[in-house]
Structures are given as structure tokens and as C-alpha cells.
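See below for the structure under consideration.
The values are calculated or read from the model by the stated rules, or taken from the named source; none is laboratory data. Quick caveat: nothing in here was measured; it's all calculated off a predicted structure. Reconstructed Cβ throughout: ideal geometry from the backbone, glycine too, with neighbour counts over all protein chains shown.
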Amino acid sequence: MVKKRDINETITVEEGAVIEIQEVQGVLNPTVENEDPDYANLLSAIQEIRKRAEVVGYILKGESKATVDLNDSAKIIEFAMLSSQTFEAAKTIASTFRISDTENILIEGKNLNMLCLNLGPNNISIFMEKGTDHRGILRALAPQLE
Amino acid sequence: MSTEACTLALKNTLTEIRNVCPEISHVFVFRENGEILAEDENTSEVTVKNAQETLCALSERATAVGGIESVTFRGSESKVNLIQVDDLFVTTVFSNKADEKTVSNLTRVMIPTTFKVMQKIYPSIKNQPHEETLTPENRIDVPEPIAPEVQAREFKVEDLTLLGGFMIDPETAYIDRALIVEWAEMYGEMPIKQIILEAPSTGKTIQCKFRPFREAKYENKGIVQISAKIQTALRIRKNSTLLIKPVFEIQEDVGVFHAEKTEISFESTVPSDLIEGNDPGVNLAEKTENSDESIAPSETELFKGFEKYNQNAPVTQVIVENLGGLVGRLGNPDFVRVDFVVIARWNEIFGEKEIKEAIVEETTFGKEIRCKFQAIKDSELEGKGVIQIPEKLQQMLGTKKGALVLVKPVVE
């Protein structure tokens, strides 16, 4: 299944399959078939957040698929690796300091900020301009967090 | 590698941070290169190592966002916060009940400030070279060593008590052990045997020997212990500011300090009290660049007659005490009694060389005697900085009980 978006790249990861990158010109209505409802809801919420000017992209990774939407498509791999490393680090840090499950992680970079959330099987990484108030994004995602 | 002083200062700061904000359960600092600088008392090294490796790995991946300024892992009960200041990573674990602003202020202000202060005191902390293996391709020929540019350090003057202190040389400045270690780190093989003391308030400078503090309580306090004699010569007193610079063997002449300032030179092992009389501050070998007149003759002439001591034997200033007991009263002893600690030190310095006699010098007129010595037997006099001299020898020296004399071993 391929979800399409105007101009932006869409990556769909099928479990055990090769990452597909498809660049699409034009708008198509995405069709969602047999999709995890949580994933779909999250995707919908993040797409709304993505419309904010200060949000430069996101990575939504579910159990069997991932959706990446970034302004700077050349850095997809770097962002994906940072996202993955952050969730790994969260697990280690949580066990090292015996803190309960990590609700969210905020990385303030020198150029960009990244907000990561772990929602069951789904991991979200939202990239935004430096200085963006991440609490606004958290509030927007609040219904999904309950 | 950081100095012990820096680690200690940082550790104390971390402990204080936890005292101020008890909701902080762990706090530690490491460098970008992974070197762990300090952790609070509550945090084990294993914990720090685990966290440091994880956070360093994360930092390496953070190029996509331009490198990490801070990371916050937010749990339901507590948070883990990492901030980067220069090449330092400060990690704090604190309860959600803690006031984030307080924690942020403490970690973002106190730790970097402490570190910056330490960098000012010990610049080598900042400019530590990264270890590299030299290959034939990148190896370069190093020219002959030249005296490096050294920056003077600022210290507060503390009195050097001579009467209570034993084996204290009034012509030696007592300084931080950490400073000596740091010089060794910074200047490697450049031998440093003397230092230059400069009083910014008076413009006076002195070159003298130095040793580490005899008491640990003075360490890391930013002070230098100098005798009243040196203070007088520099025209400063307790709590005055003093600049200290190392003197390298290859620049013994210290021309830079001769240029515009008064320079007073103490020869390392010879007690200038013997030469200058009772008022050393006034009569020290002093010369001024602007004046052709040399107040004292050259060093060679100054110390003429003392070559026989010139075996780097330590001079100890001690107080005369009568030789009591049966030996002192009934006999006619031709020996003095010296503290066993002094004797032990002589033995330590001269190893297998035989020391059978000592030279005792009276400090006012320079009279001296050479005689045998024994260890003080009266335990009440041990460690008191005294020398027991029989009355006959006191008369020969022209000294008496309570006066200061200098004692030095005769090394065979």
C-alpha cells in the first residue's frame, strides 16, 4: 500500500520488505486498507500538526509500516537514524535510572528540535523549528495520548 | 585527563546541587569525547558509564538537528535531562515534583561556572590535547625546547608560620600541589625548580624556591604561603594578591622580570638571613634596573664562604633549647640534639651517604659550628622545631635559648 502526498516523499515500510520511496506529483486521495486504527488516527493527527509552519517534518513508525514526511528529503536517513537512536536511548536511560516508561523525549538541537513520543507500538518523531513550543504539539496530540 | 582539583571542585558542586534541590537523584558531567569528569556521591560509576555511552551515541546521531543542545527524557514520575555546554555534557535525573526552573538554573549556571573558574585556574583542563598515535606520515620533528609563554596565576598571600612549623624554609613559597602537578602536565620535561612571585600592587618580584603545602587544609584555596621575610621584600602582607609564574631551567636569568621591576633573588639552598642580618626585607640583595647602583654585590660574592654547604643539603631553621638532663648538666657534650624527623629527612634525601655531623649557624652574625648530632630524646620536644644545644656550644655560637639557628647536615 502506498500513501501519496503532493510533492513530498512517501516511504512505506512493509514488514520484512524493502523500503520503497516514491515521489508523487499531484494529489490523490489516500485509501486506507486494513490499517491499524491507532496508526491511522495518529497519522491523521500528525498530518494536521504538519500543516504548522514551524513543523518541518515527522516520522511515524508503526509495527509494520512507517511514514516519513520531511521538508528536507535529502536527510531522510539521518532523521530516521536519529529517531531510532532516540527511542533506543530512552529505553536504556529508563532502565538505567529506573524511571517509568518514557512519555516523551525532547531533543533541542542547534538548528532544529525533535519531539518523540512512544504510543504503544507506534513511535512518533516530529521535527520542528528551533524555539517552537513543543507543548502546543503535545496538546494537539493529547486525544491520541489518552 | 583532568586535574584532581577540577574533579574535586566539580564533584563538590554536584553534591551541593543535590543538597539545594533534593529532588535531583543523579547528576554527573562528562565530555563530548566520553571522558567522565565527575558524578555526585549517589551515582555509581557503572550508572554513569551506561548513561554516558547511550547519550554519546545519541549525540553522534544528532547531526540532522545540528548537534545536541539538550535532551529531556520525560517519564511519568521523573525526568532525565542532558545539556551541553561547550564540550561538557551535564546530565541530571530529577523527580517531576522538582521545580524545573531551579534545576535548569543550577545545572546551566553552577556547573559551567565552576568549570570555567577551574579553566581559568588550570588552563590545561580546557586545552587538553586529544591523544593521537604518531605514524611516520604525521610525525614531525620537534625543535629544541624553548621557554614557553607562561601565564601568571593569581593567589592570596597567607602567612608562613615559622615558629610552629618544623623544617620550614623561610625562603620557600608553599603552593598548591595541584598547581605543581599542572605545571608538570603542561610543561612536561621542562624542569621547574623556582617560581617568580610578583606583587601587582607594588610591582616587586622575587624568584624563590617552592614546595607543596605542608598541610592539606591550604590546598585548593587559591593561596600561597610565604614567610614574613618574603612578604617584606615584596612589600605586601597577608591577603594581598600575588602572581605566580614558574621559572624554567633554561630561563634561569628571568630577563623579562629584570626589565622594569625590582628583582630580588634568593639562592635556593642558602639562607639569606645569614647574609642580610636582622632586617632581611631591607638588606636583601636588591637591584633596580633604573639604577646602576647594586645594593648588594653579585650572587657569587654574596654567598662566598658558603660553598662548602653547596651540596643541596636542606637548611632547617630551629629554635635553640638547652640540652638538659644528666648529659647536659654533668657532662661536657660536644654534640647537639636534632629532631629525629629532621634526621630522617636528611637520610631520605642523601640515602646511603654518611651524615655524622651537622653545621649549626647563628642567624645574626653568621657564626657557625660543626659538631656531631644525636636525635632528641625528650618526646615533649619532638616536632617542636627545636634544637638542643649544650651551653658551651651556645656560648661558642653566641646564641642562647629561644634564638633562631640554622642546622644543616654535613654530607660525607
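I'm trying to understand the selection: among the residues of region A:80-98, which are of a type in the set (D, E, K, R) and in a helix (DSSP H, G or I)? If you could, list the steps in order and put the result at the bottom.
To start, the set of residues in region A:80-98 that are of a type in the set (D, E, K, R) comprises A:88, A:91, A:98.
Selection gives A:Glu88, A:Lys91.
Would you pick out the residues in region B:202-235 that are part of a loop (DSSP other than H, G, I, E, B) and in contact with a Ser or Thr (Cβ under 6 Å, 6 or more places away or on another chain)?
First, pick out the residues of region B:202-235 that are part of a loop (DSSP other than H, G, I, E, B): B:202-203, B:213-215, B:219-222, B:227, B:235.
Scanning region B:202-235 gives a single hit, B:Arg235.
Would you say B:Val103 is aliphatic (A, V, I, L, M), surrounded by 21 or more Cβ atoms within 10 Å (Cβ to Cβ) and in contact (Cβ under 8 Å) with a residue 40 or more places away in the chain?
Values: aliphatic (A, V, I, L, M): yes; surrounded by 21 or more Cβ atoms within 10 Å (Cβ to Cβ): yes; in contact (Cβ under 8 Å) with a residue 40 or more places away in the chain: yes.
In short, yes.
Looking for whichever is among the polar types (S, T, N, Q) and under 14 Å from the mean Cα position of the chain (by Cα) here; the options are A:Ser100, A:Ser44. Which one fits? Working first, answer last.
On the way: A:Ser100 fails: under 14 Å from the mean Cα position of the chain (by Cα).
Just a single option satisfies the conditions, and that option is A:Ser44.
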Yes or no: B:Glu391 in contact (Cβ under 8 Å) with a residue 40 or more places away in the chain, under 26 Å from B:Thr172 (Cα atoms) and among the charged types (D, E, K, R)? no
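Residues of region A:122-138 being farther than 18 Å from A:Leu43 by Cβ and part of a helix (DSSP H, G or I), which ones? Quick ask: steps written out before the conclusion?
Residues of region A:122-138 farther than 18 Å from A:Leu43 by Cβ: A:129-136.
If the condition is that a residue be farther than 18 Å from A:Leu43 by Cβ and part of a helix (DSSP H, G or I), then A:His134, A:Arg135, A:Gly136 are the ones that fit.
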All positions within region A:64-109 that are crowded, with 16+ Cβ neighbours inside 10 Å, more than 7 Å from chain B (Cβ to nearest Cβ) and among the hydrophobic types (A, V, I, L, M, F, W, C): A:Ala66, A:Val68, A:Leu70, A:Ile76, A:Ala80, A:Phe87
Considering only region B:236-247, state which residues are among the aliphatic types (A, V, I, L, M) and part of a loop (DSSP other than H, G, I, E, B). B:Ile236
Across region B:88-102, the tally of residues that are under 36 Å from the mean Cα position of the chain (by Cα) and either at pLDDT below 85 or among the hydroxyl-bearing types (Ser, Thr, Tyr) (or both) stands at 3
Please determine, by comparing only the residues of region A:110-138 that are without any contact (Cβ under 8 Å) to a residue 60 or more places away in the chain and charged (D, E, K, R), which one is farthest from the other protein chains (Cβ to nearest Cβ). A:Asp133
